[in-house]
Structure formats: structure tokens, C-alpha cells
Amino acid sequence: MKRNFKSVFYLMLLLIAGSAVFGQEERNHYIGINLFQIPATTLDLVYEFSYNPRFTMVVNSGFTINYANSFDYVGFFLTPHYKCGNYGYAMKNQSGGFVKIGMKFNFKKEAEKKSHFYLGAFMANSLIYEKAEYENLEIPNSEVEYLNHNLFIIGITGAAGYNFRISDRFNSDFVLHISMPTKNYKDLYGYRNYIPGMGFMETCSNERIFPMLVLNVKYKLR
């Protein structure tokens with residue numbers, strides 16, 4: 001995992017250096033919202049700025065209000081499901097915030113190109129609060145335990161997406177994020193796990209890849 005983090009760090013340095021080499025052109029600043037995360041009771045905002053058509057700096061932050069009571073229809077259909085469920089855990093609250101910082105490499109030479117593909121790499125930082133009730137299913141009539149904790153999880157996120165222009169002021173991204181959290185994600189209660197900013201995955205079979213589909217609608221500030 002340490003090697004993965006170093007690789008992402010070096011990649012970002014190379015992208016920044018490449019941006020300087022290609023020179024500065026028209027400045028573009030965008031702010032947007034991820035529509036796919038709204039049903040998951042998550043406010044997911046993105047801020048982007050670029051001085052070169054090939055490179056875009058990205059700051060993505062948001063907050064989830066009790067994912068346990070929402071329906072993440074995108075995450076649910078995007079991931080595999082297993083019979084184990086939460087196996088004794090009844091999730092009562094899954095809330096928290098996140099910040100993702102990174103860069104995108106755009107497959108375009110001109111700033112005014114209407115649509116283009118891109119690849120991105122981000123550092124993800126998530127803080128989640130969980131509250132659950134646990135009953136040992138292997139012991140009949142066992143006492144219910146009332147659990148809660150805060151857990152800080154970091155990870156790396158890779159992105160592959162397509163950007164298309166809606167109007168002079170608006171454009172949109174359709175992108176797949178693939179996140180790999182640090183090993184402490186296993187400290188989350190249950191097996192139907194959600195990490196703010198990284199997405200949802202059932203981890204009964206020790207899955208460590210959290211996918212998330214994103215549909216950003218962005219407004220050009222200047």
C-alpha cells in the first residue's frame with residue numbers, strides 16, 4: 001500500500017511538472033455537484049481549475065447524512081452481493097465527510113474542445129461515524145451490544161471519465177472512480193460497508209476495491 005501511495009504522489013508531481021512545461025493558457029474554474037450521490041443522502045461537490053487544457057486540478061469534498069437510511073441505487077447495482085449480509089450487525093447510522101485532492105489528464109489539446117476523455121488520480125481522506133447494534137447469531141438469545149465509533153480512512157482513487165459540454169457555462173462528467181482504502185476499512189461494522197467519497201461494497205469476500213459512478217454537472221465560474 002505504501003508503494004501505491006508513493007506512486008500516486010510521484011504521478012501528481014509529474015503532472016504538475018508537465019503542466020508547467022506546456023505553459024499556461026486561459027484559466028478555467030468550475031464548481032459542480034454529483035447527481036448520482038444525492039439519493040445516497042450525500043452532498044458531493046467538486047471544484048476544478050486549470051491553466052492548461054491537458055491538466056486539471058481537482059478538489060472534491062462532501063458529507064453523507066446517514067447512508068444507512070438511504071438507497072444508493074447506483075452503488076447497489078454496481079457491486080456484487082453475498083448471502084452473509086451484515087451478519088449480526090444492524091446499522092443505525094453511517095455518516096461522515098470526505099476530501100479528495102488530485103489531478104486529471106485530459107486527452108485534448110485545445111481548451112475549447114467540446115468533449116474529451118480523461119484519466120485522474122486522487123488522494124482520498126474519509127471520516128465516518130457508525131452506530132450499530134450487534135447480536136451474536138451463533139449464540140441463541142445473546143444480548144444485543146450497542147456500538148459506535150469514528151473511523152478515519154485514507155485511500156487512493158483512480159478515475160476514467162468523459163467530459164462533455166452542455167452550454168458555454170455548463171458541462172458534465174460521466175466517470176468511474178475506483179478506490180482502494182487502507183486496511184483499517186476492515187474495522188467498519190458489518191460487511192455492507194460504505195466509505196464517504198469512496199463508495200459502497202459488500203466485503204464478505206474481503207473485497208478491497210470500492211467502485212463509484214459519478215455524474216457531475218459543473219458551472220464555469222470564469
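FYI, it's all coordinate maths here, none of it is from the lab. Quick caveat, the model's predicted, so the values are computed rather than measured. Here the Cβ is made from the backbone with ideal geometry for all residues, glycine too, and neighbour counts use every protein chain on show.
Loop by DSSP (not H, G, I, E, B), at most 16 other beta-carbon atoms within 10 Å: where is the longest site-free stretch of the chain for GluC sites (Glu not before Pro)? Of all site-free stretches, the longest is 27-109.
Once the convex hull of all Cα atoms in segment 2-220 is built, its volume per residue stands at 110 Å³. A simple packing score, the average count of other Cβ atoms within 10 Å per residue, orders the peptides 161-168, 30-37, 178-185 as 30-37, 178-185, 161-168, with the highest score first.
Residue by residue, segment 210-220 carries 3J(HN,Hα) couplings of 10, x, 8, 8, 10, 10, 8, 10, 10, 10, 7 Hz when phi is fed to the Karplus relation 6.51 cos²θ - 1.76 cosθ + 1.60 (θ = phi - 60°); x denotes Gly or Pro.
Annotation: lysines with alpha-carbon distance below 25 angstrom to Lys83 (same-chain offsets under eight excluded): Lys92, Lys131, Lys183, Lys186.
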